[in-house]
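Each remark here refers to the structure printed beneath this line.
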Amino acid sequence: MGGVFDLSDSIAVVAGGAGLIGTALCEGLADHGATVVVADAAAERGEEIADELGDHAEFLRVDVTDEDSVVEMVETVLDRHGRIDAFVNCSYPRNENYGQRYEDVTADDWRENIDLHLNSYFVAAHAVSRAMMDQNDGGSIVNFGSTYGIQAPDFSVYEGTEMTSPVEYAAIKGGVLNLTRYMASYLGEYGVRVNSISPGGVFDDQHPEFVDRYEERTPLGRMATPEDFEGAVVYLASDASGYVTGHNLVVDGGWTIC
Ligand SMILES: NC(=O)c1ccc[n+]([C@@H]2O[C@H](COP(=O)([O-])OP(=O)(O)OC[C@H]3O[C@@H](n4cnc5c(N)ncnc54)[C@H](O)[C@@H]3O)[C@@H](O)[C@H]2O)c1
(Lines give C-alpha, C1' and ligand atoms only; values in the text may rest on other atoms or scores of the structure.)
Protein backbone atom coordinates (compact mmCIF):
# COMPACT_ATOMS: atom_id res chain seq x y z
CA MET A 1 0.00 0.00 0.00
CA GLY A 2 2.49 2.69 1.17
CA GLY A 3 2.00 6.42 1.41
CA VAL A 4 0.97 8.74 4.21
CA PHE A 5 -2.48 7.19 4.58
CA ASP A 6 -1.10 3.67 4.98
CA LEU A 7 -2.11 2.06 8.28
CA SER A 8 -0.57 -1.38 7.68
CA ASP A 9 1.46 -1.32 10.86
CA SER A 10 -1.25 0.27 12.99
CA ILE A 11 -3.44 -1.13 15.73
CA ALA A 12 -6.67 0.88 15.73
CA VAL A 13 -9.31 0.55 18.45
CA VAL A 14 -12.80 1.90 17.71
CA ALA A 15 -15.05 2.28 20.77
CA GLY A 16 -18.61 2.19 19.46
CA GLY A 17 -17.25 0.27 16.48
CA ALA A 18 -20.54 -1.61 16.08
CA GLY A 19 -22.61 1.58 15.71
CA LEU A 20 -23.99 3.41 12.70
CA ILE A 21 -20.86 5.54 12.21
CA GLY A 22 -18.42 3.22 13.99
CA THR A 23 -19.03 0.36 11.55
CA ALA A 24 -17.99 2.56 8.60
CA LEU A 25 -14.94 3.79 10.52
CA CYS A 26 -13.82 0.19 11.13
CA GLU A 27 -14.21 -0.53 7.41
CA GLY A 28 -12.25 2.59 6.40
CA LEU A 29 -9.42 1.85 8.81
CA ALA A 30 -9.26 -1.81 7.74
CA ASP A 31 -9.30 -0.81 4.04
CA HIS A 32 -6.17 1.22 4.71
CA GLY A 33 -4.42 -1.74 6.28
CA ALA A 34 -5.02 -1.26 10.01
CA THR A 35 -5.60 -4.10 12.41
CA VAL A 36 -8.95 -3.05 13.82
CA VAL A 37 -10.34 -3.78 17.28
CA VAL A 38 -14.12 -3.34 17.20
CA ALA A 39 -14.78 -2.36 20.84
CA ASP A 40 -18.44 -2.16 21.77
CA ALA A 41 -21.06 -3.24 24.31
CA ALA A 42 -23.11 -4.88 21.53
CA ALA A 43 -21.43 -8.29 21.26
CA GLU A 44 -23.46 -9.92 18.50
CA ARG A 45 -23.24 -6.99 16.09
CA GLY A 46 -19.59 -6.36 17.01
CA GLU A 47 -18.62 -9.99 16.30
CA GLU A 48 -20.44 -9.80 12.98
CA ILE A 49 -18.55 -6.69 11.90
CA ALA A 50 -15.20 -8.11 12.95
CA ASP A 51 -15.97 -11.32 10.99
CA GLU A 52 -16.88 -9.32 7.89
CA LEU A 53 -13.62 -7.37 8.10
CA GLY A 54 -11.61 -10.62 8.08
CA ASP A 55 -8.26 -11.63 9.52
CA HIS A 56 -7.14 -8.19 10.61
CA ALA A 57 -10.11 -7.42 12.82
CA GLU A 58 -11.37 -8.64 16.15
CA PHE A 59 -14.21 -7.85 18.51
CA LEU A 60 -13.65 -6.82 22.11
CA ARG A 61 -16.57 -6.33 24.47
CA VAL A 62 -16.35 -3.12 26.49
CA ASP A 63 -18.72 -1.02 28.56
CA VAL A 64 -17.26 2.45 28.22
CA THR A 65 -19.30 3.67 31.19
CA ASP A 66 -17.46 1.24 33.49
CA GLU A 67 -13.90 2.28 34.25
CA ASP A 68 -12.78 -1.31 35.05
CA SER A 69 -14.07 -2.47 31.70
CA VAL A 70 -12.18 0.33 29.91
CA VAL A 71 -8.95 -0.50 31.74
CA GLU A 72 -9.43 -4.15 30.82
CA MET A 73 -9.94 -3.17 27.16
CA VAL A 74 -6.65 -1.28 27.11
CA GLU A 75 -4.80 -4.12 28.86
CA THR A 76 -6.24 -6.73 26.52
CA VAL A 77 -5.20 -4.80 23.40
CA LEU A 78 -1.70 -4.25 24.84
CA ASP A 79 -1.40 -7.96 25.74
CA ARG A 80 -2.48 -9.04 22.26
CA HIS A 81 -0.78 -6.39 20.13
CA GLY A 82 1.79 -4.62 22.32
CA ARG A 83 0.56 -1.12 21.47
CA ILE A 84 -2.35 1.12 20.44
CA ASP A 85 -1.66 3.44 17.51
CA ALA A 86 -5.11 4.91 17.09
CA PHE A 87 -8.12 5.11 19.37
CA VAL A 88 -11.52 6.41 18.32
CA ASN A 89 -14.19 7.45 20.84
CA CYS A 90 -17.37 6.82 18.83
CA SER A 91 -19.79 5.18 21.27
CA TYR A 92 -23.13 6.77 22.09
CA PRO A 93 -24.19 5.76 25.61
CA ARG A 94 -27.47 7.27 26.85
CA ASN A 95 -30.23 6.45 29.34
CA GLU A 96 -33.83 5.47 28.53
CA ASN A 97 -35.10 9.07 28.89
CA TYR A 98 -32.54 10.58 26.55
CA GLY A 99 -34.03 12.54 23.68
CA GLN A 100 -36.86 14.27 25.53
CA ARG A 101 -37.78 17.83 24.78
CA TYR A 102 -36.14 20.54 26.86
CA GLU A 103 -39.13 21.10 29.22
CA ASP A 104 -39.17 17.44 30.32
CA VAL A 105 -35.51 16.89 31.11
CA THR A 106 -34.93 16.28 34.83
CA ALA A 107 -31.73 17.11 36.69
CA ASP A 108 -31.19 13.38 37.23
CA ASP A 109 -31.41 12.67 33.50
CA TRP A 110 -29.10 15.59 32.76
CA ARG A 111 -26.52 14.26 35.21
CA GLU A 112 -26.82 10.65 34.11
CA ASN A 113 -26.54 11.35 30.39
CA ILE A 114 -23.56 13.63 30.84
CA ASP A 115 -21.93 10.97 32.98
CA LEU A 116 -22.66 8.18 30.49
CA HIS A 117 -21.36 10.05 27.45
CA LEU A 118 -18.94 12.89 28.31
CA ASN A 119 -17.36 11.20 31.31
CA SER A 120 -16.95 7.89 29.52
CA TYR A 121 -15.22 9.66 26.61
CA PHE A 122 -12.77 11.14 29.12
CA VAL A 123 -12.18 7.85 30.96
CA ALA A 124 -11.49 5.97 27.72
CA ALA A 125 -9.32 8.67 26.11
CA HIS A 126 -7.42 9.13 29.37
CA ALA A 127 -6.71 5.40 29.82
CA VAL A 128 -5.60 5.02 26.19
CA SER A 129 -3.46 8.16 26.31
CA ARG A 130 -1.63 6.82 29.38
CA ALA A 131 -0.70 3.74 27.34
CA MET A 132 0.32 5.92 24.37
CA MET A 133 2.52 8.09 26.60
CA ASP A 134 4.51 4.95 27.40
CA GLN A 135 5.01 4.13 23.71
CA ASN A 136 8.06 5.93 22.42
CA ASP A 137 6.36 7.05 19.22
CA GLY A 138 3.04 8.38 20.45
CA GLY A 139 -0.35 7.72 18.92
CA SER A 140 -3.55 9.30 17.67
CA ILE A 141 -6.84 9.76 19.53
CA VAL A 142 -10.01 10.84 17.74
CA ASN A 143 -13.05 11.96 19.74
CA PHE A 144 -16.44 12.22 18.08
CA GLY A 145 -18.01 15.62 18.62
CA SER A 146 -20.91 17.06 16.65
CA THR A 147 -22.02 20.18 14.83
CA TYR A 148 -24.10 20.71 17.98
CA GLY A 149 -20.89 20.94 20.01
CA ILE A 150 -20.03 24.02 17.94
CA GLN A 151 -23.36 25.76 17.49
CA ALA A 152 -26.89 25.70 18.89
CA PRO A 153 -29.53 23.52 17.23
CA ASP A 154 -31.82 25.04 14.63
CA PHE A 155 -35.08 23.77 16.16
CA SER A 156 -37.08 24.65 13.06
CA VAL A 157 -35.84 21.45 11.37
CA TYR A 158 -37.70 19.37 13.98
CA GLU A 159 -41.08 21.12 13.61
CA GLY A 160 -44.04 18.77 13.18
CA THR A 161 -42.03 15.74 14.38
CA GLU A 162 -41.36 14.11 17.74
CA MET A 163 -37.66 14.76 17.25
CA THR A 164 -35.43 17.24 19.06
CA SER A 165 -31.80 17.79 19.92
CA PRO A 166 -31.44 17.04 23.64
CA VAL A 167 -30.06 19.78 25.87
CA GLU A 168 -27.51 17.39 27.39
CA TYR A 169 -26.01 16.90 23.94
CA ALA A 170 -24.96 20.56 23.73
CA ALA A 171 -22.97 20.27 26.94
CA ILE A 172 -21.60 16.80 26.15
CA LYS A 173 -20.32 17.70 22.69
CA GLY A 174 -19.08 21.15 23.71
CA GLY A 175 -17.20 19.35 26.48
CA VAL A 176 -15.78 16.72 24.13
CA LEU A 177 -14.38 19.40 21.81
CA ASN A 178 -12.64 21.31 24.57
CA LEU A 179 -11.42 18.13 26.27
CA THR A 180 -9.81 17.32 22.91
CA ARG A 181 -7.95 20.65 22.91
CA TYR A 182 -6.77 20.17 26.51
CA MET A 183 -5.48 16.68 25.81
CA ALA A 184 -3.79 17.78 22.57
CA SER A 185 -1.93 20.52 24.40
CA TYR A 186 -0.89 18.32 27.31
CA LEU A 187 0.06 15.27 25.27
CA GLY A 188 1.95 17.01 22.46
CA GLU A 189 5.31 16.42 24.06
CA TYR A 190 4.62 12.67 24.08
CA GLY A 191 3.80 12.65 20.37
CA VAL A 192 0.19 11.82 21.17
CA ARG A 193 -2.12 13.70 18.81
CA VAL A 194 -5.71 14.30 19.87
CA ASN A 195 -8.32 15.55 17.40
CA SER A 196 -12.06 15.50 16.98
CA ILE A 197 -14.46 14.87 14.14
CA SER A 198 -17.75 16.77 14.21
CA PRO A 199 -20.35 15.10 12.03
CA GLY A 200 -23.51 16.63 10.71
CA GLY A 201 -26.72 14.58 10.91
CA VAL A 202 -26.53 11.09 9.44
CA PHE A 203 -29.51 9.82 7.43
CA ASP A 204 -31.14 7.01 9.41
CA ASP A 205 -34.73 6.87 8.18
CA GLN A 206 -35.76 9.92 10.19
CA HIS A 207 -39.12 11.67 9.74
CA PRO A 208 -39.33 12.74 6.05
CA GLU A 209 -40.22 16.35 6.93
CA PHE A 210 -37.11 16.59 9.08
CA VAL A 211 -34.98 15.09 6.32
CA ASP A 212 -36.36 17.55 3.74
CA ARG A 213 -35.69 20.56 5.97
CA TYR A 214 -32.26 19.32 6.98
CA GLU A 215 -31.29 18.83 3.34
CA GLU A 216 -32.59 22.24 2.33
CA ARG A 217 -30.52 23.92 5.04
CA THR A 218 -27.31 22.05 4.10
CA PRO A 219 -25.11 23.52 1.32
CA LEU A 220 -24.30 20.07 -0.08
CA GLY A 221 -28.03 19.33 -0.14
CA ARG A 222 -28.10 16.00 1.69
CA MET A 223 -27.70 14.36 5.07
CA ALA A 224 -24.47 12.48 5.84
CA THR A 225 -23.86 8.79 5.26
CA PRO A 226 -21.69 6.84 7.73
CA GLU A 227 -19.12 6.42 4.95
CA ASP A 228 -18.65 10.21 4.82
CA PHE A 229 -16.50 9.92 7.95
CA GLU A 230 -14.13 7.22 6.73
CA GLY A 231 -11.71 9.62 5.04
CA ALA A 232 -11.63 11.90 8.08
CA VAL A 233 -10.80 9.10 10.50
CA VAL A 234 -8.16 7.57 8.21
CA TYR A 235 -6.58 11.00 7.83
CA LEU A 236 -6.48 11.65 11.58
CA ALA A 237 -5.27 8.13 12.44
CA SER A 238 -2.48 8.14 9.85
CA ASP A 239 0.80 9.95 9.20
CA ALA A 240 -1.11 12.15 6.74
CA SER A 241 -2.07 14.28 9.76
CA GLY A 242 1.30 13.98 11.52
CA TYR A 243 1.42 17.73 12.27
CA VAL A 244 -2.26 18.09 13.18
CA THR A 245 -3.40 18.10 16.79
CA GLY A 246 -6.23 19.76 18.73
CA HIS A 247 -8.15 20.15 15.48
CA ASN A 248 -11.89 19.76 15.07
CA LEU A 249 -12.53 18.32 11.62
CA VAL A 250 -16.09 19.31 10.71
CA VAL A 251 -17.75 16.89 8.28
CA ASP A 252 -21.22 18.35 7.88
CA GLY A 253 -21.91 19.18 4.24
CA GLY A 254 -21.46 22.83 5.15
CA TRP A 255 -24.23 22.98 7.81
CA THR A 256 -22.18 25.01 10.30
CA ILE A 257 -21.12 27.72 7.82
CA CYS A 258 -24.73 28.89 7.42
N1 LIG B 1 -25.65 9.74 13.92
C2 LIG B 1 -25.54 11.08 13.81
O3 LIG B 1 -26.33 11.75 13.10
C4 LIG B 1 -24.45 11.80 14.55
C5 LIG B 1 -24.27 13.17 14.30
C6 LIG B 1 -23.28 13.86 14.99
C7 LIG B 1 -22.48 13.18 15.89
N8 LIG B 1 -22.67 11.86 16.12
C9 LIG B 1 -21.81 11.21 17.10
O10 LIG B 1 -21.18 10.08 16.54
C11 LIG B 1 -20.97 9.09 17.55
C12 LIG B 1 -21.56 7.77 17.10
O13 LIG B 1 -22.94 7.94 16.83
P14 LIG B 1 -23.81 6.84 16.07
O15 LIG B 1 -24.88 7.56 15.37
O16 LIG B 1 -22.93 5.92 15.31
O17 LIG B 1 -24.46 6.08 17.31
P18 LIG B 1 -25.05 4.58 17.38
O19 LIG B 1 -26.05 4.58 18.47
O20 LIG B 1 -25.46 4.09 16.03
O21 LIG B 1 -23.79 3.70 17.81
C22 LIG B 1 -23.21 3.85 19.04
C23 LIG B 1 -22.50 2.56 19.43
O24 LIG B 1 -22.07 2.74 20.79
C25 LIG B 1 -22.29 1.54 21.46
N26 LIG B 1 -22.44 1.79 22.89
C27 LIG B 1 -23.47 2.42 23.53
N28 LIG B 1 -23.25 2.40 24.85
C29 LIG B 1 -22.06 1.77 25.05
C30 LIG B 1 -21.31 1.45 26.20
N31 LIG B 1 -21.74 1.77 27.43
N32 LIG B 1 -20.11 0.83 26.04
C33 LIG B 1 -19.67 0.50 24.78
N34 LIG B 1 -20.37 0.76 23.66
C35 LIG B 1 -21.54 1.39 23.79
C36 LIG B 1 -23.58 0.96 20.86
O37 LIG B 1 -23.66 -0.44 21.11
C38 LIG B 1 -23.41 1.31 19.40
O39 LIG B 1 -22.77 0.26 18.69
C40 LIG B 1 -21.58 9.67 18.84
O41 LIG B 1 -20.58 10.37 19.54
C42 LIG B 1 -22.58 10.68 18.30
O43 LIG B 1 -22.86 11.69 19.23
C44 LIG B 1 -23.64 11.16 15.47
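The values are calculated or read from the model by the stated rules, or taken from the named source; none is laboratory data. Every value quoted in this text rests on a predicted model; they were computed, and no experiment measured them. So basically every Cβ, Gly included, is an ideal-geometry build from the backbone, and we count neighbours across all protein chains shown.
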The correct count of residues that are without any contact (Cβ under 8 Å) to a residue 60 or more places away in the chain and touching a helix residue (DSSP H, G or I) at 6+ places or on another chain (Cβ under 7 Å) in region 207-218 is 4
Report, by residue number, each residue of region 224-248 that is hydrophobic (A, V, I, L, M, F, W, C) and surrounded by fewer than 20 Cβ atoms within 10 Å (Cβ to Cβ).
-> Ala240, Val244
Just to be sure, is Phe229 within 12 Å of the ligand (Cβ to nearest atom), closer than 24 Å to Glu27 by Cβ and either free of Cβ contacts under 8 Å to residues at least 40 places away in the same chain or assigned to a helix (DSSP H, G or I) (or both)?
-> yes
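Restricting to strands (runs of 3 or more DSSP E) lying wholly in region 1-93: which have 1 or more residues that are at pLDDT 95 or above and within 16 Å of the chain's Cα centre (by Cα)?
Working: elements: 11-15, 35-40, 57-61, 86-89.
Fully inside region 1-93 and qualifying: 11-15, 35-40, 86-89.
Is it the case that Arg181 is farther than 24 Å from Ser10 by Cα, part of a helix (DSSP H, G or I) and basic (Lys, Arg)? Steps first, please.
Details: farther than 24 Å from Ser10 by Cα: no; part of a helix (DSSP H, G or I): yes; basic (Lys, Arg): yes.
No: the conditions fail for Arg181.
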Six or more apart or on different chains, Cβ under 6 Å: which pairs go from a residue in region 145-162 that's closer than 30 Å to Val194 by Cα to one that's assigned to a loop (DSSP other than H, G, I, E, B) and within 13 Å of the ligand (Cβ to nearest atom)? Could you list them?
-> Thr147/Gly200; Thr147/Asp252; Tyr148/Ser165; Pro153/Ser165
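Glu215 - would you say it is in contact with a Lys or Arg (Cβ under 6 Å, 6 or more places away or on another chain) and outside any loop (DSSP other than H, G, I, E, B)? Can you show your working first?
On the way: in contact with a Lys or Arg (Cβ under 6 Å, 6 or more places away or on another chain): yes; outside any loop (DSSP other than H, G, I, E, B): yes.
Here the answer is yes, as Glu215 does meet what is asked.
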For Ser140, which of the numbered conditions (1) assigned to a helix (DSSP H, G or I); (2) small (Gly, Ala, Ser); (3) within 27 Å of Ile11 (Cβ to Cβ); (4) more than 14 Å from the ligand (Cβ to nearest atom) fails to hold?
-> (1)
Flag if Gly19 is touching a residue at least 60 places away in the same chain (Cβ under 8 Å), within 14 Å of the ligand (Cβ to nearest atom) and in contact with a Ser or Thr (Cβ under 8 Å, 6 or more places away or on another chain) | yes
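May I ask you to say which residue of Tyr169, Tyr243 is at pLDDT 95 or above, out of contact with any Asp or Glu (no Cβ under 9 Å at 6 or more places or on another chain), of a type in the set (Phe, Trp, Tyr) and not in a helix (DSSP H, G or I)?
Tyr243
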Considering only region 98-125, how many residues are free of Cβ contacts under 8 Å to residues at least 40 places away in the same chain and loosely packed, with under 15 Cβ neighbours inside 10 Å?
-> 6
Members of region 126-169 found to be over 30 Å from Gly253 (Cβ atoms) and surrounded by fewer than 17 Cβ atoms within 10 Å (Cβ to Cβ), listed by number | His126, Arg130, Met133, Asp134, Gln135, Asn136, Asp137
Given the conditions (1) surrounded by fewer than 14 Cβ atoms within 10 Å (Cβ to Cβ); (2) acidic (Asp, Glu); (3) more than 29 Å from Asp115 (Cβ to Cβ); (4) touching a helix residue (DSSP H, G or I) at 6+ places or on another chain (Cβ under 9 Å), every one holds for Asp204 apart from (3)
Top-ranked residue in region 151-180 [being more than 11 Å from the ligand (Cβ to nearest atom) and aliphatic (A, V, I, L, M); ranked as farthest from Val123 (Cα to Cα)] = Val157
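Consider region 55-96. How many of its residues are small (Gly, Ala, Ser), near the ligand (Cβ under 10 Å from one of its atoms) and more than 10 Å from Ala39 (Cα to Cα)?
Here is the first cut: in region 55-96, the residues small (Gly, Ala, Ser) are 57, 69, 82, 86, 91.
With the extra rule that they be near the ligand (Cβ under 10 Å from one of its atoms), the set shrinks to 69, 91.
Filter again for more than 10 Å from Ala39 (Cα to Cα), leaving 69.
Going through region 55-96 one residue at a time, the tally reaches 1.
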